[in-house]
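The values are calculated or read from the model by the stated rules, or taken from the named source; none is laboratory data. Everything quoted here is computed from the prediction, not taken from an experiment. Note that each Cβ is placed from the backbone with ideal geometry, even for glycine, and that neighbours are counted across all protein chains shown.
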Amino acid sequence: MEGFPILSLIMLSPLAAVILLLFVDDARVALVRGIAIASTSLSLALSLYLLFIYDKVKGGFQFIEKIEWVQSLGISYHLGVDGISVAMVLLTSIVIFTGVFVSWVGIKHRIREHYMFLLLLVAGVYGVFMSLDLVFFFLFYELAVIPMYPLIGIWGSANREYATMNLTLYLSLGAMIALLGLLSLYFTAGSQTGVYTFDMLQIASLSYESGYQIKVFLPLLFGFGVLVPLAPFHSWSPTGHAAAPSAVSMLHAGVLMKLGAYGILRAMWILPEGAQFWMPWVAGLSLINIFYGGMVAMSRRDMKFMIGYSSSSHMGYVLLGIATVNIIGVNGAVLLMFAHGVMTALAFSLIGFVYDQAHTRMIYDFSGLAKKVPFVAVAFAIMGFASSGLPGLANFVAELMVFIGAFKEYPVHAIIAVFGIIVTATYMLRCMRDVFFREPMEKWDDLRDASTFVERLPFVFLIAVLLIVGFYPSVIVDVINSGVVPLVNKLNAAQIG
Amino acid sequence: MNLFRLIPEFIMLGTAFLLLILELFLPKGSRKAFGVIGILGTVSAAISLPYQDYGLALAGLFVQDQMSIYFKWLFVISSVFVLYIVMLYEDRITNWRGEFYSIIVFAISGMMMLASTTDFVAFYVSLEFLAICLYVLAAFLSDSRVTSEAGLKYLITGALASGFLIYGISFIYGATGATGFAEVAKALQTAEPTGFVIIGIVLMVLGLTFKISSIPFHVWSPDVYQGAPTPVTALLAAASKAAGFVVILRILYVALWPMKAEWMAFVAVISGITLLFGNLAAMPQKDLKRLVAYAGIGSAGYLLMAVAAASELGAGAIMFYLLTYIFGIIGTFTAIVVFHNSEGSDLVESYSGLYKRSPLLAFTLFIGLLSIAGFPPLGGFIAKFYIFMAAVKEGLWVLAVIGALMAIVGMYYFLLVIKSMYLRQPTNPAPIHVDMTTRGLLYFVNAATILLGVYPGPVTDLVMSIAQGVF
């Protein structure tokens, strides 16, 4: 297998589909969908394969590919994955694979362009998770953000033009601020060794004085934090969620937010002392995320807004886990990134399915849908249970690990955070009760359940993933752990020093 | 003394004179032939470029080096495209006169001379030669009030800026007793930064801001961009800006290099104000040409940021930026002319639903504007990235943060145009016809912009090696 560019294949597969779609006629919808499905299936298959061939014992960055890009400035196309990236790549593959099917059902006009932007975005996401070069890391990051503009602007629902502009500008601002930090790292690292390079491995292998680390970590934390979204820089996110079409919400909440957390993890790895300095702050802000997000979610009547705020609440747990900087906490955080990605993709696909028929997402507009759409109701219930952290589903394992980790480092934070689960359970169960149970309403008699293969596939697939990881977490935790252990060790060594 | 080093300029001048003479003989209907002859002349000048040897010419007034060749390539590219845009444009104009083509070719040859100057005298002469051509071009459609006003504004600010320049030059001459860039640098190396020299530097820097449309001599640009014939706007936006920066590189990076400490902070301040003004003022614009004008002021701010960095990296970044900028501007203005020919409007709102009416025009504006705004993976992104690198390297943090914030503002107003084209529905669904040659040209420009973003390696290595030779 030596020299087989599996990472490039995973990333270039959607990109190749974009180029192919350029030459396809708009009217040939079946061909358009076929290309999208083929490319995402290939990525998914390869990502699964990657999960199994990644050498957990050896750990570190594997499947490295490196091609010089701009020699005079030390930029190269440099890919490689560690355990954390493997999990994130798999998550991306799962979400886009199901997203393609959700768009099949939900998108009715300008179908070809929709898939082109969707796949372009995904190529960017893959790129971020795989890049070992800071320039490419940034470039892919932007590539993942920019297609959101047309995706929400063209195919979105109410208030889409405002939402999409807000989102694009907010995220680009974060990216620009992070860029300045990354550039500073490039020059500081270069002046140490005399070789100016954007190679992340090289930059991370050096040590910087703590004052510098503390200063530079801040723009990186802000830049990536905006995407998480770290409170108080989260306002772009729920409006974006609410306006986006289903598949885009799935990608946005399922994967894009994880880019932010992933970026923070990488920044911690490069600047361990800076991270140690700022992590208590992150832990504090994570509580705001958990409770503010949760409380607002409770007050929302629009289901998409509810899930949108609930996402920023869940990302609070992820941040708390990251802030613990111990092995179990960070493992939990990464697993939660994975589990929440799958769970929230399921949530948005289900809400989208109902919305496309009913043209409303207001909780009070519905009642007793379970009688009309039993399949959707069951799927929604499973999603709600996962979100509330019930055992047997992936989120439970992840949240448990986060809490165990948090109790060691921040016992007060952890105790407060546990109550967040009650908040989540409250709005999830209440939404389930109001929408799917109680008396059925006459006006929803025509509502159709998910009955065709294409409609059911994404739901079944996502639920299966939640269950598999819930019952057998080590299938993915072992891989994540191989990436987390060296990271945490480096951070703890910095603390002692 | 080697006149052969000026062959590209001579070819251009010869072409311009030929066009003037042919004006007498060719029948009125065959004006398009002028454009073709102009383009052929430019292409022959381009063919001569790779055969140039490096060295001084005309008693050390001009020099042919890597940098002058690079910039001459930029001018040649702009010239070909601008002449082509004129051919598209002229059909719509009633009181058209054939000198238009020849004056454009004269202007290009002036820029080429400017790129080669190594002496304040030669610099001033070339600059004024170019300026007079541009004054005429800006006011060419003299029966239009908007154009007349634009031309007058351009003339008055230009004359004022020239005054600043010549005054500054005289101060520097007084301090150093030399007019050659290298001699001035040599004299300044041992000189103290007295008030005399500082005044010279300040006046000169201010005078130079006219050509690049930055604060404080930027006031002409929105009116002229809007009022001047669109091909002239393209010429001013693309080639003329490049000409301004090659001069800045030669004067600040060579002649005044020993006084680096004095002008760096000054340029940095100008850059910061220009960035803020250009980008913020672009936000409310409704007319696409005006929007691009204000954005062009913003771009001048970014380029000055690289100038203020005063390093090889900065010089390389400027050269890369200008190349991507020229492609962005050419694509944009070709699309504007085609659209204007069909619709008679430059308003952003009239572009609504363009993606349906002409996917190629919409795509060209999409690529061109987003490249100028600095979206990856387009050439403009890489260029902006290099400029930020240069600023961060020298520790110009305030400027870098302003630049970062203004990049977001830039995204905002360009996205408004994109929104109009792609998110709105057209009021008039009739498709807009684009002829085959124009299509080919637009494909080429778009491909170049994308290629510079996806594979910037070779051009970067080239500009960085040229930048090393500047000092």
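The residue that is surrounded by the fewest Cβ atoms within 10 Å (Cβ to Cβ), among those in the stretch A:156-170 that are facing chain B (nearest Cβ under 10 Å) and not in a loop (DSSP other than H, G, I, E, B), is A:161.
Checked against the criteria, residue A:229 counts as within 19 Å of the chain's Cα centre (by Cα), closer than 20 Å to residue A:170 by Cβ, in contact (Cβ under 8 Å) with a residue 12 or more places away in the chain and assigned to a loop (DSSP other than H, G, I, E, B).
Looking at residue B:143, is it acidic (Asp, Glu), under 25 Å from residue B:328 (Cα atoms) and over 16 Å from the mean Cα position of the chain (by Cα)? When the stated conditions are applied, residue B:143 does not pass them.
When A:216, A:195 are checked against the criterion of being more than 14 Å from chain B (Cβ to nearest Cβ) and within 30 Å of residue A:65 (Cα to Cα), a single residue qualifies: A:195. Restricting attention to the stretch B:415-427, report how many residues are within 24 Å of the chain's Cα centre (by Cα) and away from chain A (no Cβ under 11 Å). Count: 1.
Answer yes or no as to whether residue A:174 is crowded, with 22+ Cβ neighbours inside 10 Å, among the small types (Gly, Ala, Ser), within 17 Å of the chain's Cα centre (by Cα) and part of a helix (DSSP H, G or I). Spelling it out, residue A:174 is indeed crowded, with 22+ Cβ neighbours inside 10 Å, among the small types (Gly, Ala, Ser), within 17 Å of the chain's Cα centre (by Cα) and part of a helix (DSSP H, G or I).
Note on the stretch B:179-198: residues that are over 19 Å from residue B:165 (Cβ atoms), touching a residue at least 12 places away in the same chain (Cβ under 8 Å) and among the β-branched types (Val, Ile, Thr) amount to 1. If the condition is being in a loop (DSSP other than H, G, I, E, B) and either in contact (Cβ under 8 Å) with a residue 40 or more places away in the chain or touching a Cys at 6+ places or on another chain (Cβ under 6 Å) (or both), then the stretch A:87-108 contributes only A:107.
What residue, among those in the stretch B:343-361 that are in a helix (DSSP H, G or I) and more than 13 Å from residue B:288 (Cβ to Cβ), is nearest to the chain's Cα centre (by Cα)? The qualifying residue nearest to the chain's Cα centre (by Cα) is B:360. Is the stretch A:437-444 home to any residue that is over 23 Å from the mean Cα position of the chain (by Cα), under 30 Å from residue A:480 (Cα atoms), surrounded by fewer than 22 Cβ atoms within 10 Å (Cβ to Cβ) and not basic (Lys, Arg)? Checked against the condition, which is being over 23 Å from the mean Cα position of the chain (by Cα), under 30 Å from residue A:480 (Cα atoms), surrounded by fewer than 22 Cβ atoms within 10 Å (Cβ to Cβ) and not basic (Lys, Arg), the stretch A:437-444 yields no hits at all. Within the stretch A:57-78, restricting attention to residues that are part of a strand (DSSP E or B) and of a type in the set (Ser, Thr, Tyr), the residue that is farthest from residue B:313 (Cα to Cα) is A:77.
Residues are listed down the side, and each one gets a yes or a no for (1) aliphatic (A, V, I, L, M); (2) at the interface with chain A (Cβ under 10 Å from one of its Cβ atoms):
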{"position": "B:395", "(1), (2)": "no, yes"}
{"position": "B:406", "(1), (2)": "yes, yes"}
{"position": "B:429", "(1), (2)": "no, no"}
{"position": "B:433", "(1), (2)": "no, no"}
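Kindly indicate whether residue B:344 is without any contact (Cβ under 8 Å) to a residue 60 or more places away in the chain, away from chain A (no Cβ under 14 Å) and not β-branched (Val, Ile, Thr). Judged against the criteria, residue B:344 is a match.
Evaluating residue A:209 against the criteria (1) more than 10 Å from every other protein chain (Cβ to nearest Cβ); (2) surrounded by fewer than 23 Cβ atoms within 10 Å (Cβ to Cβ); (3) closer than 19 Å to residue B:382 by Cα leaves one unmet condition, (3).
Would it be correct to say that residue A:189 is closer than 18 Å to residue A:117 by Cβ, in a helix (DSSP H, G or I) and more than 10 Å from every other protein chain (Cβ to nearest Cβ)? It is false that residue A:189 is closer than 18 Å to residue A:117 by Cβ, in a helix (DSSP H, G or I) and more than 10 Å from every other protein chain (Cβ to nearest Cβ). Does residue B:380 count as surrounded by 15 or more Cβ atoms within 10 Å (Cβ to Cβ), of a type outside the set (Lys, Arg), within 24 Å of residue B:346 (Cβ to Cβ) and more than 12 Å from chain A (Cβ to nearest Cβ)? Judged against the criteria, residue B:380 is a match.
Residue-wise test of (1) hydrophobic (A, V, I, L, M, F, W, C); (2) over 19 Å from residue A:132 (Cβ atoms); (3) out of contact with any strand residue (DSSP E or B) (no Cβ under 8 Å at 6 or more places or on another chain).
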site: A:174; (1), (2), (3): no, yes, yes
site: A:183; (1), (2), (3): yes, no, yes
site: A:205; (1), (2), (3): no, no, yes
site: A:235; (1), (2), (3): no, yes, yes
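Flag: residue A:71 matches the condition of being surrounded by fewer than 18 Cβ atoms within 10 Å (Cβ to Cβ) and among the polar types (S, T, N, Q). Return a yes/no flag: does the stretch A:132-141 have any residue that is more than 25 Å from residue A:63 (Cα to Cα), in a helix (DSSP H, G or I) and either at pLDDT 90 or above or more than 7 Å from chain B (Cβ to nearest Cβ) (or both). There is no residue in the stretch A:132-141 that is more than 25 Å from residue A:63 (Cα to Cα), in a helix (DSSP H, G or I) and either at pLDDT 90 or above or more than 7 Å from chain B (Cβ to nearest Cβ) (or both).
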